[in-house]
1. For the range 170-255, what does the accessible surface come to per residue with a 1.4 Å probe? Please give it in Å².
2. Order the peptides 202-214, 161-173, 227-239, 112-124 from the highest to the lowest mean number of other Cβ atoms within 10 Å of their residues.
3. Order of 216-224, 138-146 by packing, highest average Cβ count within 10 Å first?
4. Give me the lysines in straight-line cross-link reach of K68: C-alpha distance below 20 Å, same-chain residues under 8 apart excluded.
5. What does the charge add up to near D116, with Lys and Arg as +1, Asp and Glu as -1, over the other residues with Cβ less than 14 Å from its Cβ?
6. Based on the mean of other Cβ atoms within 10 Å per residue, sort peptides 184-193, 60-69 so the most packed one is first.
7. Within the accessible area of the range 177-255, what % is carbon and sulfur when the probe is 1.4 Å and the other protein chains stay in place?
8. Would you tally the net charge around E215, using a Cβ to Cβ cut-off of less than 14 Å, leaving E215 out, and scoring K and R as +1, D and E as -1?
Amino acid sequence: MAIKRCLFPERTTFRGLRFPCAVLILLTCVSTASLQTARTDEAEPRKTRPEQECFIKPLTFFNEVSWKEAVDISDEYQHALNHFDSTNESMLQKYQAPGFSSPGPGTLNPPVKNEDAMIVFLGYMHSTHRTGLLTNTLLDKINQKQKTYYYASNRYKLFCREQRPAYDALSRMGPNVVHATLRIIGQEPDKENRYYMAKLLCLVLRKKFALLYLEDRQEQVTADDKLTASQKTEALARYGEAIAAVKEMEDRVRH
């Protein structure tokens, strides 16, 4: 029997090769699929929406691109700024009327956690289209002192003129705040608020023009027939007080 096996060895059957063949077929399929996927990725690179990309680049970048690319980048800048402006307008409206998310009854808004920093940010990033809304909001808080104070060694110091965030923000907005300030200063009952409004006018207009504008408002109040005698007396006294305060202020030239 042993001699027979040596002289006539058994043939290898298909059953014995079934497992190795299955493995070989599987590996071939995986390799083919991987190659096909790689070719597909090379042929169709992943595309991202322009608004999801970080396209805000320095202005020197416009020297490095073609005219069409420069125009496209300009459009993207404008789109981003408009979106930023509209988003912050809605937030500013909520901030102007804290307590409700809409003019009518609605969900209560939570208090602003970092109000000082937010006000300073508004002063830097205010939109000329929202100046009226922003000015009225900040003038209501012009005498509000910083809620958070920092040690001198703290790298995250928040600098505010007079340690008053709203006054600091308004001063950065420049002459855009003048007309609202001139109107409100004659109606503002709080003496400290009136003082900082007068100081704001002196800062953004300089002393000479602040006095001219305040004196002009006095003349307008005197000629206004819609005001009662008591209203005129009160408004004239407030403007007179502001004029006297400005005369004592130092005239600083802004650079």
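The values are calculated or read from the model by the stated rules, or taken from the named source; none is laboratory data. What you see is a predicted model; the values in this text were computed from it and never measured. With ideal geometry, Cβ positions are generated from the backbone for all residues, glycine too; neighbour counts draw on all protein chains shown. SASA here: full protein model, heavy atoms, side chains in, ligands and nucleic acids out. Shrake-Rupley method; radii C 1.70, N 1.55, O 1.52, S 1.80 Å.
1. 58
2. 161-173, 202-214, 112-124, 227-239
3. On the way: 216-224: 13.9, 138-146: 19.6.
In descending order of packing, they fall as 138-146, 216-224.
4. K47, K57
5. Working: positive: K113, K141, K145, K147, K157, R161, R164; negative: E115, E162, D168.
Within the 14 Å Cβ shell, the charges total +4.
6. So the peptides 184-193, 60-69, ranked by packing, come out 184-193, 60-69.
7. C and S fraction of accessible area: 50 percent.
8. Computed value for this residue: +2.
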